[in-house]
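Some notes on the structure that comes next.
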């Protein structure tokens, strides 16, 4: 009779891999640091376009970091990453153009 046991390169499939808590804490501290900077700028800087631009940039940085870490996008092939990032850049450009053009209607009157 044939032996139906399979050998999986020396690894026991019943073992649970150790948690990578260091990576989780690093991600937590990076996101907490960016958020702390955002809160600090909210109380220190005057309201205006520059402050709003900084908030948008920091929010995008956090969003890309979250997508890269928690959705594992940074481990994908580069063509998939670019296929996601390029349309997002065009959408951001479209939103900025619409806001700038939409605001100019009040200057014409």
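Would it be correct to say that residue 46 is surrounded by 13 or more Cβ atoms within 10 Å (Cβ to Cβ) and at pLDDT 85 or above?
So residue 46 fails the test.
Quick one: which residue in 90, 64, 106 is modelled with pLDDT under 80 and either exposed (fewer than 10 other Cβ atoms within 10 Å of the Cβ) or in a helix (DSSP H, G or I) (or both)?
Details: 90 fails: modelled with pLDDT under 80; 64 fails: modelled with pLDDT under 80.
Being modelled with pLDDT under 80 and either exposed (fewer than 10 other Cβ atoms within 10 Å of the Cβ) or in a helix (DSSP H, G or I) (or both) holds for just one of 90, 64, 106, which is 106.
What pairs come out if I take residues in the stretch 67-84 that are without any contact (Cβ under 8 Å) to a residue 24 or more places away in the chain and pair them with residues that are in a helix (DSSP H, G or I) and loosely packed, with under 10 Cβ neighbours inside 10 Å whose C-beta lies under 9 Å away, six or more apart or interchain?
68/75
Right, residue 34: assigned to a helix (DSSP H, G or I) and in contact (Cβ under 8 Å) with a residue 12 or more places away in the chain or not?
yes
The values are calculated or read from the model by the stated rules, or taken from the named source; none is laboratory data. Model, not experiment: these values are computed from the prediction. In this analysis, Cβ positions are derived from the backbone assuming ideal geometry, glycine residues included, and neighbour counts consider all displayed protein chains.
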